[in-house]
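Peer 1: Could you have a look at this structure, given as structure tokens, before my questions?
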Amino acid sequence: MRIKISPEAMDFIVEKGNNVYIVVANAMGRISWVHPVPSIYVGVPKHAERFVKYEKDGVNLYIDMRYPLKDEIRITLDKIFNIRKLYAEGRLVESLFNTA
């Protein structure tokens, strides 16, 4: 898995303790297979045994193993009116959606 973290996001993650985790949820924030999107949170996940841990430049990235992401994860930081928010972009493995 390739992990790309923007310099701004890296600084934010380091400032918050070097740990982030990614789960896949739908647009309403609930775990779902309908329009899944990766959501990123600061900290260590509550049930770390459900996650695969990656390390990138001193940052620990936990990805929920129930939702395997394909190839690459990109993590960026957005700042609006002094509110900073991390964003994760990635695609789920296509075979999860095949019903045949």
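Peer 1: Within segment 52-66, can you find the residues that are in contact (Cβ under 8 Å) with a residue 12 or more places away in the chain and closer than 22 Å to LYS85 by Cα?
Peer 2: TYR54, LYS56, ASP57, GLY58, VAL59, ASN60, LEU61, TYR62, ILE63, ASP64
Peer 1: Looking only at residues in segment 58-99 that are of a type in the set (Val, Ile, Thr) and more than 11 Å from the chain's Cα centre (by Cα), which one is modelled with the lowest pLDDT?
Peer 2: THR99
Peer 1: Does GLU55 satisfy the condition of being under 11 Å from the mean Cα position of the chain (by Cα) and of a type in the set (Asp, Glu)?
Peer 2: Taking the combined requirement at face value, the residue does not satisfy it.
The values are calculated or read from the model by the stated rules, or taken from the named source; none is laboratory data. Source: prediction; values computed, not measured. Neighbour counts run over all protein chains shown; Cβ positions are idealised from the backbone, glycine included.
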